[in-house]
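Below: the structure, in structure tokens.
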Amino acid sequence: MLRRAFTMLELVFVIVVGGILAISIIPQLERDNIGEAAHQVARHIRLAQHHALMEDRFDDAPAGVNWRETMWRITFINGTNGNCYNVHADRDGNGGNPAASERAVDPMSKDWVWGGTTCSDTTVGVNSEVLLWKKFGIASVAVCGGVRNIAFDHFGRPGQISSNTMNLLAADCDITITTNDNKSAVVRVYQDTGFIKIVSIDGVAMP
């Protein structure tokens, strides 16, 4: 009975071709951390604005509370482990840890858009999707004016909450996200319209 097997030359040829294919394919499979982070942050800023528009709340805060400080917002936290963010509304104006009813729910994952107050992955109720340090290797998040939140009023106009009130933006607000390997992206919130756009990713301008 005749038996055939691969010759040494055929085996070497297969290995070489496999190596060439691996070299050409693997770089395309590398994760675009900064691009993914920018798109996720932009989506969750829009979620905060969506809640503000849908609730259409005006001057309905508890007595002694400035209603503007109770608006829906995204707040960026520089915690113990790194950066994360929360999307919530401080309806009672107490400035404390928001109750479950004050936290936004991501319509895709059905989890809270909530990274906690320390961005720790061991805190109960934290959604690991918004732990930027863990999911995307984000080293820093810089928000315009140094106030690490963007809030929206009942018209969807953007502002920043500071000193117990929300001041509407006086200029467009850039949120710059930077990874551990020094790649960056800029998400811009436009002053008057509240339009949210990814301006650039890793130095490349977005259309």
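Which condition does N164 not pass, out of (1) farther than 27 Å from A61 by Cα; (2) touching an Asp or Glu at 6+ places or on another chain (Cβ under 8 Å); (3) surrounded by fewer than 14 Cβ atoms within 10 Å (Cβ to Cβ), if it passes all the others?
So N164 meets the others, but not (1).
If I ask for residues that are modelled with pLDDT of 90 or more, under 20 Å from M54 (Cβ atoms), touching a helix residue (DSSP H, G or I) at 6+ places or on another chain (Cβ under 6 Å) and part of a loop (DSSP other than H, G, I, E, B), which ones from the stretch 72-106 would you list?
A104
What pairs come up if the first residue lies in the stretch 191-204 and is touching a residue at least 24 places away in the same chain (Cβ under 8 Å), the second is outside any loop (DSSP other than H, G, I, E, B) and among the aromatic types (F, W, Y), and their beta carbons are under 9 Å apart, counting only those six or more places apart or on different chains?
Going by the 9 Å Cβ cut-off, the qualifying pairs are G194/F152.
If I go through the stretch 109-157 residue by residue, how many of them are within 23 Å of Y190 (Cα to Cα), in a loop (DSSP other than H, G, I, E, B) and of a type outside the set (A, V, I, L, M, F, W, C)?
So the count comes out to 5.
Residues that are modelled with pLDDT of 95 or more, in contact with a strand residue (DSSP E or B) (Cβ under 8 Å, 6 or more places away or on another chain) and open to solvent by 10 Å² or more (accessible area, probe 1.4 Å): does the stretch 56-67 have at least one?
Applying the first criterion (modelled with pLDDT of 95 or more) to the stretch 56-67 yields none.
No, every residue in the stretch 56-67 fails to be modelled with pLDDT of 95 or more, in contact with a strand residue (DSSP E or B) (Cβ under 8 Å, 6 or more places away or on another chain) and open to solvent by 10 Å² or more (accessible area, probe 1.4 Å).
Within the stretch 71-120, how many residues are open to solvent by 70 Å² or more (accessible area, probe 1.4 Å), of a type in the set (D, E, K, R) and out of contact with any Pro (no Cβ under 9 Å at 6 or more places or on another chain)?
2
The values are calculated or read from the model by the stated rules, or taken from the named source; none is laboratory data. As the structure is a computational prediction, the values presented were derived from the model and not from experiment. All Cβ positions, glycine included, derive from the backbone under ideal geometry; neighbour counts span all protein chains shown. SASA here: full protein model, heavy atoms, side chains in, ligands and nucleic acids out. Shrake-Rupley method; radii C 1.70, N 1.55, O 1.52, S 1.80 Å.
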